[in-house]
Amino acid sequence: QVQLGESGGGLVQAGGSLRLSCAVSRRTFVSYNMGWFRQAPGKERDFVAAINWNGGRADYADSVKGRFTISRDNAKRTVYLQMNSLKPEDTAVYYCAASSSYSTVVARWKDYWGQGTQVTVSS
């Protein structure tokens, strides 16, 4: 069983920055592709960013391109999401996920999910 734990969420003013972290429990982390997703109240869960197992590929939702950066440290079994120039519309619960397959489609991430961390951006 793989466990994921997100941290780093909080309240920030528009234009500010946050860095989310997702720690993974198993040493096999290095073999998983990792993704960040978000869900705002009353909305579906959306893809935010993904990074493949060795960090050689990353993809972003159009809404966050140029503002968010996904990265991973396989030695620490942790994936990060650096969020800059935050906007009120970025307010959501952010989830990380691990998958043996790589995709930008939320429904294809079926393996493991974290519990989420709240990000609130005030205007």
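The values are calculated or read from the model by the stated rules, or taken from the named source; none is laboratory data. All of these numbers come straight from a predicted model, not from anything done at the bench. Cβ placement follows ideal geometry from the backbone for every residue including glycine, while neighbour counts extend to all protein chains displayed. With ligands, DNA and RNA removed, areas are computed over all heavy atoms of the protein, side chains included. Shrake-Rupley method; radii C 1.70, N 1.55, O 1.52, S 1.80 Å.
Go ahead and set up a Gaussian network model of the chain, Cα springs under 10 Å, then flag whichever of Gly42, Gly56, Gly66 fluctuates most. With Cα springs under 10 Å in the chain, the top fluctuation among Gly42, Gly56, Gly66 is at Gly42. Taking a straight line from the alpha carbon of Lys110, these lysines sit under 25 Å away, with near neighbours fewer than eight places off in the same chain left out: Lys43, Lys65, Lys76. Mean projection of the Cα convex hull over all viewing directions, computed for the stretch 53-118: 5.1 nm². Annotation: for a label point projected 7 angstrom from Cα along Cα→Cβ of Ser71, residues of the stretch 79-116 with backbone N closer than 12 Å are 79-83. Under Stokes-Einstein, with the Kirkwood radius over Cα pairs as Rh, the value for the stretch 18-80 at 37 °C and 0.692 mPa s is 266 µm²/s. Among the GluC sites (Glu not before Pro) within the stretch 1-110, those in coil by DSSP and having at most 16 neighbouring Cβ atoms inside 10 Å are Glu44. Taking 7 Å steps out from each Cα toward its Cβ at Ser103 and Gln3 produces label points 2.7 nm apart.
Accessible area per residue was computed with a 1.4 Å probe on protein heavy atoms; Ser85 scores about 60 Å².
Highest mobility in the GNM of the chain, judged by mean-square fluctuation with C-alpha springs under 10 Å and restricted to Arg19, Arg72, Arg27, is found for Arg27. The tail of the calculated P(r) for the chain beyond 23 Å holds 22 percent of all Cα-Cα pairs.
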